[in-house]
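Everything on this sheet refers to the single structure shown next.
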Amino acid sequence: MTTIPLPTEEMTADDFFRVLRTLRERLPEPQALDPRLTMGRLAHVDVNFVHASVNAVSASEGVQKALGRTPENLRGEVNDSVNWNAVADELRAMLKAVTSANTVRKRRIGLTAMQTFQICQQLARDPANATLASHIQEMKRLNRFGRKRARKTEPTPPEPVKTP
């Protein structure tokens, strides 16, 4: 098996993306299942039931012939499933870590932007900083935090029709 070269220093988002794309392209694809069997709860059969069925396959060559599967083959597939569940768990944890880190970045950026706005407003009081006025106007136009939302007016109910 070939290895994927990883940077020795902290990875950038682009580095990480390339590694993930390479890994995804190398994922093994399981043999397709009959489309009629893809619906329902087959992927959620109790693990103890699965082990009991593997033991039944081990006990009978007739069952092995009927299935076209060996106990070793079934045990290998069960082990693969467990191992890939661990991979899925790790990927979920990685996604949570990346999402959390990006939220921190976005909050830090937002704080800096709001501080910039406040500082610009303060500095613009001095005529020497008149060039900031157009920037302040643009930030005011784009700022969703400082603007009051227009209230939706409720439609007035129609007056009842009077019959003579």
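Things worth noting here:
- Count of the range 61-91 residues which are loosely packed, with under 10 Cβ neighbours inside 10 Å and among the basic types (Lys, Arg): 1
- Test set (1) at pLDDT 95 or above; (2) β-branched (Val, Ile, Thr); (3) surrounded by fewer than 12 Cβ atoms within 10 Å (Cβ to Cβ) - residue 45 fails condition number: (1)
- Any hit, the range 93-104, residues being surrounded by 10 or more Cβ atoms within 10 Å (Cβ to Cβ), closer than 30 Å to residue 11 by Cβ, out of contact with any strand residue (DSSP E or B) (no Cβ under 6 Å at 6 or more places or on another chain) and of a type in the set (Lys, Arg): yes
Let's see how each residue does on (1) part of a loop (DSSP other than H, G, I, E, B); (2) acidic (Asp, Glu); (3) within 24 Å of residue 91 (Cβ to Cβ):
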site: 23; (1), (2), (3): no, no, yes
site: 40; (1), (2), (3): yes, no, no
site: 43; (1), (2), (3): no, no, yes
site: 58; (1), (2), (3): no, no, no
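- Whether a residue is within 30 Å of residue 98 (Cβ to Cβ), in a helix (DSSP H, G or I) and at pLDDT below 90 was assessed, and residue 36 does not pass this test.
- Residue list for the range 117-139, restricted to those being part of a helix (DSSP H, G or I) and in contact (Cβ under 8 Å) with a residue 12 or more places away in the chain: 117, 120, 121, 132, 135, 136, 139
- Scope the range 35-74; condition farther than 17 Å from residue 85 by Cβ and either among the small types (Gly, Ala, Ser) or touching a His at 6+ places or on another chain (Cβ under 6 Å) (or both); matching residues: 40, 52, 53, 56, 58, 59, 60, 62, 66, 68
- Subset of the range 124-136 (residues that are within 42 Å of the chain's Cα centre (by Cα), surrounded by 11 or more Cβ atoms within 10 Å (Cβ to Cβ) and not β-branched (Val, Ile, Thr)): 132, 133, 135
The values are calculated or read from the model by the stated rules, or taken from the named source; none is laboratory data. Note that the coordinates shown come from a computational prediction; the quantities given were computed from them, not determined experimentally. A quick note on method: Cβ atoms are made from the backbone with ideal geometry, for glycine too, and the neighbour counts reach across all protein chains shown.
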